[in-house]
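To start, the structure itself, in structure tokens.
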Amino acid sequence: MVSVDGLAVEFGGTTLFSDISFQINEKDRIALMGKNGAGKTTTLKACMGIITITEGDILLDGISVVKEPIVCKRKMAYVPDTPRLEEYMTGMQYLNFVCDIYQISAKERKQNIERLIHAFQMEPHISGLISSYSHGMKQKVALIAAFSHNPKLLVLDEPFVGLDPEAFVILKEQMKELCASGNSVLFSSHILDVVEKVCNKVSVIK
């Protein structure tokens, strides 16, 4: 489904990393691991077409992320380690905004959003302004938005940091449900217990 082949990234004349290659198949739950500064976040951003790669390519269903970034991004979702949401919106307005971008029908978004809001226990807060949310609540809204359009590939950067224990368990279950429907998840994590229980594959950047 996703093929990362010979990926290299340079910045300011310095090679951040090179020769990164791995495969993601349908239903895979893959953890990207490595020491601090190894290039995990940069690799995830490269997979999303957020940063420019120097060498190699990333193919999603045979389509190049480098050559056709918009086509690929329509099939993917990304949640960074510190989500930056539109704080002048309410949580519900933001979720509808994301669904508008991905052209999700009214019926489908209603079903998906209601299910996810309930799963992440955000009913009491979803009508409030995002500016009033705690970090954990903002992270939940970002995750709900990512799951809401049923992405072919869900990319998460340290998704469990900042979540309360209950949300921690909920996220693991949502990841498993997404993959059970034929989609895949790629995420970075330092939490070995989570990696062991959630993933069927691990990619290590040395």
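The values are calculated or read from the model by the stated rules, or taken from the named source; none is laboratory data. A quick note: this is a predicted structure, and the numbers were derived from the prediction, not measured. Because the Cβ atoms are built from the backbone with ideal geometry, glycine has one as well, and the counts that use them run over all protein chains shown. Please note that ligands, DNA and RNA were not included when accessible areas were found on the heavy atoms of the full protein model with its side chains. Shrake-Rupley method; radii C 1.70, N 1.55, O 1.52, S 1.80 Å.
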Q) In a shell of Cβ-Cβ distance under 15 Å around residue 26, excluding residue 26 itself, what net charge do Lys and Arg (+1) and Asp and Glu (-1) give? A) +3
Q.
Give me the net charge for the shell around residue 135: Cβ to Cβ below 13 angstrom, other residues only, Lys and Arg +1, Asp and Glu -1.
A. -1
Q: Rounded to whole Hz and in sequence order, give me ³J(HN,Hα) for region 67-75 from the Karplus expression 6.51 cos²θ - 1.76 cosθ + 1.60, θ = phi - 60°, writing x for Gly and Pro.
A: 8, 10, x, 5, 4, 6, 5, 5, 9
**Q.** Mean accessible surface per residue for the chain, computed with a 1.4 Å probe while every protein chain stays in place, in Å²
**A.** 49
Q: Filter the trypsin sites (Lys or Arg not before Pro) in region 1-96 down to the DSSP loop ones having no more than 16 other Cβ atoms within 10 Å, then list what survives.
A: 27, 35, 67, 74, 84
Q | Nearest 10 degrees, 0 to 90: helix 135-148 Cα axis against the chain principal axis | A | 80
Q | Percent accessible area from carbon and sulfur atoms, the chain, protein chains only, probe 1.4 Å | A | 52
**Q.** Too-long pairs where the Cα-Cα distance tops 18 Å, listed order kept, from 172/197; 40/201; 27/152; 110/152
**A.** 110/152
